[in-house]
1. One residue is enough: does the stretch 220-239 have a residue meeting the conditions farther than 22 Å from His144 by Cβ, of a type in the set (Val, Ile, Thr) and at pLDDT 95 or above?
2. What number goes with the only condition from (1) charged (D, E, K, R); (2) crowded, with 18+ Cβ neighbours inside 10 Å; (3) out of contact with any strand residue (DSSP E or B) (no Cβ under 7 Å at 6 or more places or on another chain) that Asp107 does not pass?
3. Are any residues in the stretch 124-175 touching a residue at least 60 places away in the same chain (Cβ under 8 Å), of a type in the set (A, V, I, L, M) and more than 17 Å from Glu341 (Cβ to Cβ), and if so, which ones?
4. Out of all the residues in the stretch 277-330, which are farther than 11 Å from Leu235 by Cβ, in contact (Cβ under 8 Å) with a residue 60 or more places away in the chain and among the charged types (D, E, K, R)?
5. Report whether or not Glu341 is under 16 Å from the mean Cα position of the chain (by Cα) and among the acidic types (Asp, Glu).
6. Inspect all residues belonging to the stretch 256-273 and state whether any of them is modelled with pLDDT of 95 or more, among the charged types (D, E, K, R) and buried (at least 20 other Cβ atoms within 10 Å of the Cβ).
7. Considering only residues of the stretch 190-225 that are over 25 Å from Pro307 (Cα atoms) and out of contact with any Leu (no Cβ under 9 Å at 6 or more places or on another chain), which is surrounded by the most Cβ atoms within 10 Å (Cβ to Cβ)?
8. Go through (1) aliphatic (A, V, I, L, M); (2) assigned to a helix (DSSP H, G or I); (3) within 20 Å of Leu303 (Cα to Cα); (4) touching a strand residue (DSSP E or B) at 6+ places or on another chain (Cβ under 6 Å) and name the single condition Leu173 misses.
Amino acid sequence: MRKTKHLVDIIGGIGFFCAVFWIVQGQGASYLLTEVLPRQIGSVIEKTSELVVGLDAFSGKAVLGIDDVEFQEKYAIGTNGTTEVSADVLELIQDFAYLKQTYYTIDSRTDLLETDIAADKALSMDFTIEPTLDEPKILIFHTHINEDFVDSNMELGYEEGIYGVGEELARILEEEYGIGVLHHDGVYDAVHGVRQVTGAYERMEPDIYEILAENPSIEVCIDMHRDGVAEETHLVTEIDGESVAKLMLFDGMCRLNGEAIEGLDNPFVEENLAFSLQMQLAADEKYPGLMRKIYLNPYRFSLHMMPRSILIEAGAQTNTKAEMKAAMAPLAEILAEVLLE
């Protein structure tokens, strides 16, 4: 029952926090972190000894991935959760320091605290849904629908970019897993036909709330992006001999330099973190090397709509359309692992 719903670009005046220095072509996480909103302000590069944990607001360079943990024996967690991990990893992630270091890349302006997530509790949360094609259960949308790839021709339509990748994910979820998907084609990173990433998250929010109100059957929100990286970076892995774009999950902590961000509350931060961790562990079990570390940002972006909200960075502008679409089958399987009993 997959359908698209086009909403006309919302026209409204948005006050800039500061002047636009120049037009930036980098997108995805680059745009996520550089977009200027009234309270969602971009970062500058800050480095630890090994990882870039922020972004230069004008460099287009993004955080790179890591080597992933291979799993051995399976061990089911909790009485409700469906995610399975090895007994070895189950033991390791009880150590918060290990969990934090192994599975997260954290923006230097925020942090992940022991009070934010506990492995046992996160993995026992029940995110299962009842699959049906009679009504939508998953909403896929794109706050930055104009994101494209190395071989995209956007003059042919949004299907050439990230929207086309979302179409592939929706198709697989419906045809192979029987989960109804509403794939929304609203445009929020352009105004009057002119690219304007600034304010996209504010323009997106009213429409998504309206869609959710009109479709109370929806239980999962996926905001799908592609990352923006240095041109020499190619985020790929190999699955069954096929070149596949790497994936990265993205969470917002709603906490800047240790303080809650006024006006950017999210009652579902705990559930968001648990949902992404279950997906990360399921992915590492099934497809080692597919996932980059979960990225934690101070702000909330589109993650406050419902408990099962996830922002996914699929590949980057240096990937091909084929690599991007090839990543959707494993992504659908990962989602099914967490969402279906």
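1. yes
2. Exception for Asp107: condition (3).
3. Scanning the stretch 124-175 gives Leu133, Leu139, Ile140, Val150, Ile162, Val165, Leu169, Ala170, Ile172.
4. Across the stretch 277-330, the qualifying residues are Asp284, Glu285, Lys293, Arg300, Arg308, Lys321, Lys325.
5. On the way: under 16 Å from the mean Cα position of the chain (by Cα): no; among the acidic types (Asp, Glu): yes.
Considered against the rule, which asks whether it is under 16 Å from the mean Cα position of the chain (by Cα) and among the acidic types (Asp, Glu), Glu341 comes out as no.
6. No; the residues of the stretch 256-273 include none that is modelled with pLDDT of 95 or more, among the charged types (D, E, K, R) and buried (at least 20 other Cβ atoms within 10 Å of the Cβ).
7. Within the stretch 190-225, the first condition is being over 25 Å from Pro307 (Cα atoms), and the residues that meet it are 190-198.
This time we only want the ones that are out of contact with any Leu (no Cβ under 9 Å at 6 or more places or on another chain), so: 190-197.
Values: Ala190: 16, Val191: 18, His192: 7, Gly193: 8, Val194: 7, Arg195: 14, Gln196: 16, Val197: 23.
Filtering first and then ranking leaves Val197.
8. The failed condition is (3).
The values are calculated or read from the model by the stated rules, or taken from the named source; none is laboratory data. Note that the structure is a prediction, hence the values are computed from the model and not measured. All Cβ positions, glycine included, derive from the backbone under ideal geometry; neighbour counts span all protein chains shown.
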